[in-house]
Amino acid sequence: MKRQLVSLAALLALALGAGTASAAGDRRWEETSTAHTGTLGGGQGLASRADGSLLYRGLADIPLDLRIRGWNHIGDPDIANGYTFDAYQGPDTATSKMFAVTTPAGKRYEYVHQLDAGEKLNNSFATVSPDGQWLVSGEWGDQNRLQVFPAPLLNPSTPQTGGDLKEAGQITLDKPVRDIQGCDFVTDTRLVCASDDATGTLFPESRPLLQVDLDRKLDGRPVTGAVKSLFALPQRSVCTGAFETEGVDYDVRGGTLRAQVIQPGICALSTTVYSYRQVTD
């Protein structure tokens, strides 16, 4: 009976969007607040600045010159050392993907990665390791890996005015993930990733927030990552239909985790931003 009560409590917590249930003394994510942003100007991702404010990205944020050249999708961004990293992808016929890096002074440099054999064109997000040396990104669909690149500008191995960007290895996952829309580092060896998978076939939760624990810090060589589901991202709206998970951000200065979910149906112009903090049971 005690075990059944614990399971019921866990299910209730998930249903309320409060975060994961855990054993006594463990740390879990607890929902603390909810905000909203316009989907066109902020529904693809977000990143926290050094002053605590948030940078949002949406399809309306693609500069005209990039759109003219075919970069028609922008992913979940990241900010590292004052540099903004944006992930771009092109049409279904694309043979490359692009990362744009904007300096603190506002100068933008473009780094193009030619697709390797078997690599999907998707460029869903960009997140930079805490040491500023490595950029992690990911593809759409079912994947057993995350891609690792030297972080443009911040890693001295990259050209300093834009250019070609080659993969520096990958994170091999111990179980498959599906439709990852964004990841962000929590520590040197831990990422959180937002999945848009609503099937419940890979993980019990619908649209889960995943945790990926690396076997060591990124160093440009292959590493492995252990994946587990933390909790289902909330799907709350006055409208009915299919939700869509988008970007995720962890603000290391304040310890706040944020995740975005686009509302369904006629409410799709609004994206909900859920905030969480870790608490100890």
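Please quote Rg/Rh for the chain to two decimal places, taking the Kirkwood radius as Rh and restricting both calculations to Cα atoms.
Expressed as Rg/Rh, it is 0.96.
Could I have the simple spin-label model distance between residue 199 and residue 266, label points 7 Å from Cα toward Cβ, reported in nm to one decimal?
Label at residue 199, label at residue 266, 3.3 nm between them.
Only counting other Cβ atoms within 10 Å, I'd like 55, 165 sorted with the fewest neighbours first.
Least crowded to most crowded, the residues run 55, 165.
Could you check which residue among 251, 197, 131 shows the biggest mean-square fluctuation in a GNM of the chain with a 10 Å Cα cutoff?
Top of the fluctuation ranking is 131.
Take a quick pass over the stretch 72-198 and tell me how many lysine pairs come in under 24 angstrom between Cα atoms, counting only ones 8 or more apart or on separate chains.
Value for the stretch 72-198: 6.
Please arrange 33, 129 by counting, for each residue, the other beta carbons lying within 10 Å of its beta carbon, fewest first.
33, 129
If each residue of separation counts as 0.36 nm, what is the full-extension length gain between residue 114 and residue 69 once their alpha-carbon separation is subtracted?
Values: separation 45, 0.36 × 45 = 16.20 nm, distance 1.56 nm.
Result for the pair: 14.6 nm of gain on full extension.
Mind checking the dipole of the stretch 26-280: about its Cα centre, +1 per Lys or Arg Cβ, -1 per Asp or Glu Cβ, Debye to the nearest 20?
So the dipole magnitude of the stretch 26-280 works out to roughly 260 debye.
Express in whole angstrom the spacing between the alpha-carbon centres of the stretch 246-281 and the stretch 75-144.
21
Which one, 77, 34, 60, projects farthest toward the positive side of the charge dipole computed for the chain from Cβ point charges (K/R +1, D/E -1)?
Highest projection toward the positive end goes to 34.
Aspartates and glutamates near residue 217 by alpha-carbon distance under 18 Å, same-chain residues fewer than 8 away left out - which ones?
The reachable aspartates and glutamates, counting only those whose Cα sits under 18 Å from residue 217, are 131, 167, 174, 184, 188.
Rounded, prolate or oblate: pick one for the stretch 65-200, where a ≥ b ≥ c are the square roots of the eigenvalues of its C-alpha gyration tensor, a/c under 1.5 means rounded, and failing that, prolate if a/b is larger than b/c, else oblate.
Because a/c hits 1.5 or more and a/b fails to exceed b/c, the stretch 65-200 counts as oblate.
Let me have the relative contact order for the chain, percent, based on Cα pairs under 8 Å that are six or more residues apart.
Relative contact order, the chain: 19 percent.
Just so you know, all these numbers are worked out from the coordinates, no wet-lab data involved. Remember, it's a predicted structure, so these values are computed and weren't measured experimentally. Using ideal geometry, Cβ is built from the backbone for each residue, glycine included, and neighbour counts are taken over all protein chains shown.
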